[in-house]
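Below is one structure, written out as C-alpha cells; comments come after it.
FYI, it's all coordinate maths here, none of it is from the lab. Just so it is clear, the model here is predicted, and its values are computed rather than measured. As a convention, Cβ positions derive from the backbone with ideal geometry for all residues, glycine included, and neighbour counts pool all protein chains shown.
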Amino acid sequence: MKAIKTLILLAIIVVAAGGAWVYLAPQLMPEAGPDSAMPGRSAGAPAGMGAPSGAPRSAMGGGMMGGGRPVPVNVAKVHKEVFADHIEAIGTASANESITVTVRVQGIIRAINFEDGAFVTKGTEIAAIDAGEQDARLDVELANLDEQRKELERIRGLYKTSNVSQSRLDSSIAAVRKAEANVEAARARVADYRITAPFDGILGTRKVSVGALVTPGTVITTLDDVSVIKLDFAVPENFLSSLRPGLDIEATAAAYPGELFKGEVIAVDSRVDVVTRTVAIRAAIPNADGRLKPGMLMVVDLIKDRQMSLMVPEEALVPEEDHHFVYLVTADDVAERVLVSIGRRRVGSVEVLEGLNEGDLVVIEGTQSLRPKAKVNVMNKDQISQSVPSANILRPGPEPS
C-alpha cells in the first residue's frame, strides 16, 4: 500500500515538472538567429502566428496578383454612335393611291384591255362598254356645231355691210356656244363608256368578261399605286409630345424575315382616340421594287430623339448604391475608378452623359479583381488602338462617402 502511494506521488511530480518545462523553456532559450527562423514566420515569433502585417502576402487583395503582378483585364474603347429612343407598334400597309375600278353606266362590255396584275400608266384604257348610241349622238352634235359656225360666219359678213342687226349677230354667237356645249356633253357621255386609269399603278384581277352586261357600280378590277406604301399605326398618347412628321421608322414584315424597311412619318392625327387613348400615325415607305403589298401586317419601330452619344458596354459599369463607376485605364496601364453619369440603355450598351471622353479605355473584364491605382495588363491590346488619349485621367468629382 505504501509502495502504491509512492508511485502516485512520483507521477504527480513528473507531470508538474513537464508542465513547468513547457512553460519556462521558451523564456530560458537563447534568442534565435536569422537562420533559425521557422518557415512562414519571422524569427522569435510564437508558434501559430503568421508574418507581420507589413510583410508581402501572396494571393491577397489590393488589386495585384501574387508577387505584385499586374491584373489581367480586357478593355473597350468609349465611342460615339447614333442613339435614339424606340417605340414599337403594329401597323397595316396600304397603297399610296388605291381605287376599285367600277362602271358609271349600263351597257355591254365591248373590250377588256389589260392582263391581271399589269402595270398601267395614267390615261390608259382599261375596258370599254359598247357606246353606239352615244357615239351617234356625238356625231349629231358635231354636225350641228359645224352648221352653227357656218351660220355665224355668214351673219358676221352681213353685219359688216349693215344688212343684219346686232341682235341677230348676238343670237348666232349664242347658238354656236350652245352647240359647243352640247358637243362637250356628248363627249362626256361617250367617255363614261371608256374606263381609263386615273393614275399609274398595278391592276388587280379582272371581275368581268367581254359581253357581260354591267350596271353602274359593277366592279371591273382594282388599281393600286404601290411605289410608296403608307403604313398606319397607333402609339400611346404619352408619346405625343415627341411625335412629328419626319421621324424615321423601321418596319419588318413576316414575309421577309430579318429585313428592315425604312421610311418616315408623314402625318400625325389631329385627335387622340378617346377609347384607346392612342394617336394615329401615318408613315411612308419607298417600295420601288413592289415587294410590299397593301394589307400586309408590319411591326413598326418608331425612332425618335436621334443623336450622337458616348457609349460603353454594360460590363464596364460597377454599381455601388445609387452610383455607377467604371475603371479607366490610363496611358501607363493604371486603373482609375471613375464616377460616371449614365443615360439611356439598350441591349449590351449604356449611354454615358458625364465622366468619360471619346477614346477612353474602360475595363470590361476583370473589374472584380481591381482596386484604384492598380497596375493592369491589357489582354486584348491587339484589338484596341495603341494610342490612348492624353485625357485618360480621373476627371469626375469626388466619390460619394
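Couple of notes before you dig in:
- FRET E, pair V190, T252, Förster distance 45 Å, beta-carbon r, rounded to 0.05: 0.35
- Nearest-0.05 FRET efficiency for Q166 and T124, computed from C-beta distance (R0 35 Å): 0.10
- Rounded Å value of the spacing that divides the Cα centres of segment 252-286 and segment 205-221: 35
- In a simple Cβ point-charge model (Lys, Arg +1; Asp, Glu -1; nothing else charged), segment 98-220 has a dipole of about 380 debye relative to its Cα centre.
- Pairs from K80/K373; K80/K375; K122/K150; K122/K207 whose Cα-Cα separation, in the structure shown, is over 30 Å: K122/K150
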